[in-house]
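The next block holds one structure in the form of structure tokens; read it before the comments.
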Amino acid sequence: MTNISDIKNRYSESYNSMLPTLPGLELDWMKILRDDAIKQFHQDGFPDKSVEEWNVNSFRGLMDIFYNTQQENSYEIDLSSIEKKDPDCLVRVIFNNGKIINIEHDELPEGVKVNSLNFFIKNNPDFLKGKIKPANEYSESRLSNIIDSRPQSIVALNAAFHEDGAIVNIDKNIEVPGYIELMHIGDYTDNTMKHIRSVIFLDKGSKCEVIENIQSHKNNNMVFTSHVADIHLCEGATLSYNRFISGNSNNIHINNVHAQLDKNSKFISNSLINSEGQARNEVRVNLLGQGSSSNINVLMMGAKKSMHETLTKVKHATKNTKSEQIIRTILDERSRGSFQGKIRVDEGADGTLAEMSGKSLLLSNDARINSKPELEILADDVKCSHGVTVGTLSKEQLFYLQSRGIPENQARKLLINSFSNTIINNISKILIKRAKNFILGEFNEND
Amino acid sequence: MTIALEIKDLHVEVSDKKILKGLSLNIEHGEMAAIMGPNGAGKSTLASVLAGKEGYNVISGSVKYLGNNLLDMPTDERAAAGVFLAFQYPVEIPGVATSTFVRTALNAQRRHRGEVELDAIEFLKLARAKAKELEMSEDFFKREVNVGFSGGEKKRAEVFQMSMLSPILAILDETDSGLDIDALKIVAEGVNKLRNDKLCGIVITHYQRLLEYLKPDTVHILADGKIVKTGDKSLALVLEEKGYQGIIEAS
């Protein structure tokens, strides 16, 4: 156990010694962004339970362990040891221990640019300017008009320390064939942290599908990773952003998505989480343009002593926007889960349609879920609904299945599967097989 | 004819309340037995006990099915051994397609009996043939199990499942409840098509009308947890005329 303020000081010291190696220092704005971010983190520290967005569970090992950015293991890896790229995948970017080690693709269609953050810093820094925002711009603004930066202190830590990331830039009216995969693998040394900063920009009328595939590490050291993705969809653009998040019991993974949507754009966010460790998934969507819409689908599958959290915040900032959130949580053994979902409708955002459904299935007496749906509605002409339920497997349904000859174990699997299908069936055709494989070995009954 | 099901002096409690109080009943292969009785007599309890539902406490008595002690078998094994309960209120299972459900059930039973499982194509072929026999549309294969089904559709789906699983002992628990005359006729015809030398049926009903179509071989009156009178199908007609009270008093 180390004193928390000592640890904050150590991160600041670590930042100063790391600084020369961090990318983008030649860009004034990036240097300022990093410096301001570490100051903000030093002021706020890791969010504890006094922060509303973090008041359900305590992350084990987050605040009382100092994580080093220095990675003893090399970033090199024998590429032939990695599973082959799916033929439907247009571009695959492989990160090993938090750094891009390979980008695979055949000939890229014109207007599709996928590369590392470092590549863009060197070759097209103007593109990045303004897309990675100063840390304080991610602060929560509360109903009381208080601006609170504490919930986003890990985004600040990420802004200070990020060493790499993926940049996806799709030109006007380009429909990307297949999908883009951002694959993360690792065999980190103990007490390591890595921060990934990505930008996805879809110009007007373009369409793209991305999967962020976060695999379990090869060892089970205490590792803390944060991924922050800034997404901007211009008028009429459509993005499907899929995150499959695995992890080992000693892993802490914090994943933040910030999406801003212009007129008539559409954002689909699918997250499947089956980490054995601690994983937190945050999705913030700003519906800024009329006719824009977002769908957030989340499936959390916890077992053993895992802890999964999802936080959503969908902001309807203008007239005639639409959002839907479907969150399903299945918890077994001693696992923990939390869902905090917020729909915010700004003043004047009439014609808003917003729905939220959170259902949880507890398979064990020791599993715990906390669900908190919130609506903040400041406009008059809106249609918002939210529903949250927590339950166990239905005895009536189990008996019905068993009375037809299905053994209890298989009947349970079938019912659990049907529960998760609500999310899986929303995944696009091109990725549904991968989604099913991802949850296989968890709860999926292969028939 | 050989006896398929032999219930001897069965006493059953549900939440500390005695429901069956010494029920005895024999059913032979090929026999269709109707069980009629007033509300609360224990008809549905009998069906649940035979299918193996939790919460039914057998205090004494025995149930022999095909020579085995039925009460010792878990629910799914009873099904694999040929016991089928058509539910009074079929259960909805959102997220599971009817065809997936029936195929999973059929293959689980086959696996249990050491038979080869059916692949998707073989299954579909069989399901289509059975649906056709029952004059049912194939649309419902894809629909979620019983979700949004009308009362008639639910009961027909039960008969379809029964037909797919080809049981030896079929228990129809108030299959006629909630059905209009046309639906009743269709369901009864469906059941009649499944009758054979081996199949024995227990038809639990309140009304004589279902029996007009199903033509039971025996009719048993269940009152206060016991069979109080047994006869042929004319007993149902007497019942219609005199009511349960008249028959119970006379017996």
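General remarks:
- Per the conditions (1) polar (S, T, N, Q); (2) part of a strand (DSSP E or B); (3) surrounded by fewer than 22 Cβ atoms within 10 Å (Cβ to Cβ), the sole criterion not satisfied by A:SER249 is (2).
- Test: residue in segment A:38-46 that is in contact with a strand residue (DSSP E or B) (Cβ under 7 Å, 6 or more places away or on another chain), at pLDDT 90 or above, surrounded by 12 or more Cβ atoms within 10 Å (Cβ to Cβ) and in the same structural domain as A:ILE147 (by TED's automatic domain parsing): no
- Segment B:141-160, residues that are polar (S, T, N, Q) and under 9 Å from B:PRO90 (Cβ atoms): B:ASN146
- Residue check for B:ARG128: within 14 Å of chain A (Cβ to nearest Cβ), over 30 Å from B:THR205 (Cβ atoms) and surrounded by fewer than 17 Cβ atoms within 10 Å (Cβ to Cβ): no
- Criterion applied to A:SER58, A:SER50, A:SER80 was being surrounded by fewer than 17 Cβ atoms within 10 Å (Cβ to Cβ) and under 19 Å from the mean Cα position of the chain (by Cα), and the one residue passing it is A:SER58.
- Within segment B:33-65, the residues that satisfy the criterion of being within 14 Å of chain A (Cβ to nearest Cβ) and in contact with a helix residue (DSSP H, G or I) (Cβ under 6 Å, 6 or more places away or on another chain) are B:GLY52, B:LYS53, B:TYR56.
- Any chance B:GLY30 is farther than 15 Å from B:LEU222 by Cα, touching a His at 6+ places or on another chain (Cβ under 6 Å) and either away from chain A (no Cβ under 14 Å) or loosely packed, with under 15 Cβ neighbours inside 10 Å (or both): no
- For A:SER269, the conditions (1) over 18 Å from the mean Cα position of the chain (by Cα); (2) of a type in the set (Ser, Thr, Tyr); (3) buried (at least 21 other Cβ atoms within 10 Å of the Cβ) all hold with the exception of (1).
- Residue in segment B:89-110 that is farther than 23 Å from A:GLN410 by Cα and touching a Leu at 6+ places or on another chain (Cβ under 9 Å) present: no
- Strands (runs of 3 or more DSSP E) wholly inside segment A:151-236 that include at least 1 residues being among the acidic types (Asp, Glu): A:179-185, A:207-214, A:223-233
- Note on segment B:85-96: residues that are facing another protein chain (nearest Cβ under 8 Å) and outside any loop (DSSP other than H, G, I, E, B) amount to 5.
- Hits in segment B:100-122 - residues which are more than 7 Å from every other protein chain (Cβ to nearest Cβ) and surrounded by 19 or more Cβ atoms within 10 Å (Cβ to Cβ): B:PHE101, B:VAL102, B:ARG103, B:LEU106, B:ASN107
- Filtered residue count, segment B:113-128, keeping only those that are in a helix (DSSP H, G or I) and more than 21 Å from the chain's Cα centre (by Cα): 8
- Sole exception among (1) surrounded by 15 or more Cβ atoms within 10 Å (Cβ to Cβ); (2) within 14 Å of chain A (Cβ to nearest Cβ) for B:LEU71, by number: (2)
The values are calculated or read from the model by the stated rules, or taken from the named source; none is laboratory data. On a predicted model such as this, the values are computed, not experimentally measured, just so you know. When we count neighbours, we look across all protein chains shown, and the Cβ atoms used for this are built from the backbone with ideal geometry, even at glycine.
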